[in-house]
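What follows is calculated from the coordinates using simple rules that are stated; it is not laboratory data. Bear in mind that the values here come from a model prediction, so they are computed numbers and not experimental data. Positions of Cβ are backbone-derived with ideal geometry, glycine not excepted, and every protein chain shown enters the neighbour counts.
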Amino acid sequence: MLHIYNTLSRNKEPLKTVEPGLVRMYVCGMTVYDFCHLGHARMLVSFDVVQRWLRASGYQVKYVRNITDIDDKIIRRAVQNGQRLNQVTSFFIDAMHADERALGVAAPDFEPRATDYVGDMLGIIKRLEENGLAYRSDDGDVNYAVRGFPGYGKLSGKSLDDLRAGERVAVASGKRDPLDFVLWKAAKSEEPAESKWESPYGLGRPGWHIECSAMSRALLGLPLDIHGGGPDLKFPHHENEIAQTEGAFGGSLASVWIHCGPLMVDADKMSKSLGNFRTIRATIAADADPADDQASYRANPREAEMLRFFIVRNHYRSPQHYAPDNLFDAQSALDRLYQTLHNVTPEPVQIDWNHPSAQAFRAAMDDDFNSSGAVAALFELSSEANRSGSAAASGLMRALGGILGLLQSDPATYLQSPTRYLRSGGVQTAWTNDQIDALISARAAAKAARDFAEADRIRKELQEGGVELEDKAGGVTQWRRA
């Protein structure tokens, strides 16, 4: 049985869904004002693995991941660029989708945009007012009265008395309590017209937290089976979602809360606010310029799969450390799996869950989506295939890898693709595959003419350029960039 670590209970629990066989999962998505960085990649890939394993386990999944397309940061970007809001958001939504495709992240079943649910948000705010949990302030905002909700802090473990004014919460003169948060923001004259909606509270726009309460309920109903997101959303965003939804409708917002761990750079979490971020596209496309005005780009498929592997081989809840050396190590490890597929042609198989490695894979994934343990099972199969020459073991490795979104490329094409994340005795050249094939043909001709010195020279030249040769029976030479 699948067990999941529940942030709310702080324990691993068996998954129990409201409707048998159906998982209704809501994950907080992107605020689309800039390119996605590697911390976002971790969230996207982690929850992609979650939904893949749920489906592989026989569940029907309704997966919702929202888009925040109205926000202070979006407004600032639009004003700075002299653009309309939807020009900014459309561009960065396209950019996000390009990143997702490159990383093999499947589209969610629903991808709602906040601006399409403003009416639902206003309906929740009205209920909160009626329940004595929302009030209109003198500055025109509508705020949530945190101390009126007894359960506030149950997700994050923070008590109201421990929370300080100004800690993650902006203090505004219109608030009765510094801990209160905004549900509806009164319009400002300098803000663009398209950022304002008519409401019973006057012109304005929704606060950030209220959008997820509206979209999750509208698309999935209550309670959700799983609610997830990045590590920085636990407080205040998810805490505020609970306060809003449960304060308006009673009951429970979600049965299980999942939060992936942070991607660390040195001792800090990767984030735009700290300026220590690296974009997805700069990591997996040598010619991608973060300042480019193109949303789409051509990712290097070998580097893109390496980045996915880098994320998947760590448990989703653990802190993960970004460093160039870690990407080199991930590339090397993934290459070893592909070398097995290249050496031992995989046999198309249905997964035999009684095979010891498949059992280990399933046990790991059923233990809170432990993809690290699942990857270890792939390496066990790789060793078995290399040791015995078993096409069935190679095929099982590929089939199980597919559940994690890995090992589905043609091995020869993969190994011959260039990448910036290889270590070799020399400097990797920019040779094309045709140029490499020409050098290999010249070496073969030299060997045929018994000019072994020239053949050895060509082999050394290739090796120093990051190309390894393997001579096979019948005079066939295979090569890979390594």
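What spacing in nm lies between the two simple spin-label points modelled at ALA193 and ASP109, each 7 Å away from Cα in the Cβ direction?
Once both label points are built, they end up 4.0 nm from each other.
Suppose a student asked you for the relative contact order of the range 433-481, using Cα pairs under 8 Å spaced at least 6 residues apart; what percent would you report?
25
Which length gain, in nm to one decimal place, applies between THR413 and LYS73 when the Cα-Cα distance is subtracted from 0.36 nm times their residue separation?
118.2 nm
Sort 450-461, 306-317, 62-73 for me by packing, meaning the mean count of neighbouring Cβ atoms within 10 Å per residue, highest on top.
Answer by packing, highest mean first, reads 306-317, 62-73, 450-461.
Please state the relative contact order of the chain as a whole percent: Cα pairs under 8 Å, 6+ residues apart?
15
Suppose R0 equals 41 Å. What FRET efficiency, 1/(1 + (r/R0)^6) with r the Cβ-Cβ distance, do ASN343 and ASP232 give to the nearest 0.05?
It comes out at approximately 0.40.
Read phi for every residue in the range 377-391 and hand back ³J(HN,Hα) as whole Hz from Karplus 6.51 cos²θ - 1.76 cosθ + 1.60, θ = phi - 60°, with x for Gly and Pro.
Per-residue couplings from phi come out as 5, 5, 5, 4, 5, 4, 5, 4, 5, 5, 6, 9, x, 7, 5 Hz.
Once amide H atoms are placed 1.01 Å from N in the peptide plane, what residues at a sequence separation of 5 or more from TRP197, or on another chain, have their amide H within under 5 Å of its amide H?
GLY204, ARG205
Under the 0.36 nm per residue contour assumption, what length would be gained going from the current alpha-carbon distance of LEU22 and ARG84 to full extension?
Extra length from LEU22 to ARG84 when fully extended: 18.3 nm.
Rounded to the nearest 0.05, what FRET efficiency do ASP471 and ALA282 have when you use their Cβ-Cβ distance and R0 = 45 Å?
0.75
Given H placed on each backbone N at 1.01 Å, which residues far from VAL27 in sequence or on other chains put an amide H within less than 5 Å of it?
Excluding prolines and chain starts, which carry no amide H, the hits are VAL64, ARG65, ASN66, GLY228.
Could you pull out every residue, at least 5 positions away or on a different chain, whose amide H is within less than 5 Å of the one on ASN6? Hs are placed 1.01 Å off N in the peptide plane, and Pro or chain starts have none.
Those lying under 5 Å, H to H, from ASN6 are ASN11, LYS12, GLU13.
Which option, [x] 30, 28, 26; [y] 39, 28, 23; [z] 49, 26, 17, is the value of semi-axes √(5λ) of the Cα gyration tensor in Å that was calculated from these coordinates?
Given [x] 30, 28, 26; [y] 39, 28, 23; [z] 49, 26, 17, the calculated one carries the label [z].
Testing the spin-label approximation: label points 7 Å from Cα along Cα→Cβ at ASN386 and TRP353. State their distance in nm.
3.0
Give the order of SER252, SER318, SER371 when sorted by the count of other beta carbons within 10 angstrom, beginning with the fewest.
With the fewest neighbours first, SER252, SER318, SER371 line up as SER318, SER252, SER371.
Given LYS158/LYS234; LYS188/LYS234; LYS12/LYS154; LYS16/LYS158, which pairs have Cα atoms separated by over 21 Å?
LYS188/LYS234; LYS16/LYS158
Based only on other Cβ atoms within 10 Å, what is the fewest-to-most ordering of THR115, THR245, THR413?
THR413, THR115, THR245
When a footprinting reagent is the concern and you count Cβ atoms within 10 Å, what order do ARG136, ARG423 take, fewest first?
Starting with the residue having the fewest Cβ neighbours, the order is ARG423, ARG136.
Apply the Karplus curve 6.51 cos²θ - 1.76 cosθ + 1.60, θ = phi - 60°, to the phi angles in the range 434-442 and return the couplings in whole Hz, x for Gly and Pro.
Computed from phi, the couplings for the range 434-442 are 5, 5, 5, 4, 5, 5, 5, 5, 5 Hz.
Output ³J(HN,Hα) for the range 227-237: one whole-Hz value per residue in order, computed from phi by the Karplus curve 6.51 cos²θ - 1.76 cosθ + 1.60 with θ = phi - 60°, and x for Gly and Pro.
Here the 3J(HN,Hα) series is 10, x, x, x, x, 7, 8, 3, 9, x, 4 Hz.
Can you give me the distance in nm between label points at ASN433 and ALA56, each placed 7 Å from the Cα along the Cα-to-Cβ direction?
Placing both labels 7 Å along Cα→Cβ, they lie 2.8 nm apart.
Strictly greater than 20 Å: what percent of every Cα pair in the range 362-471 meets that?
58
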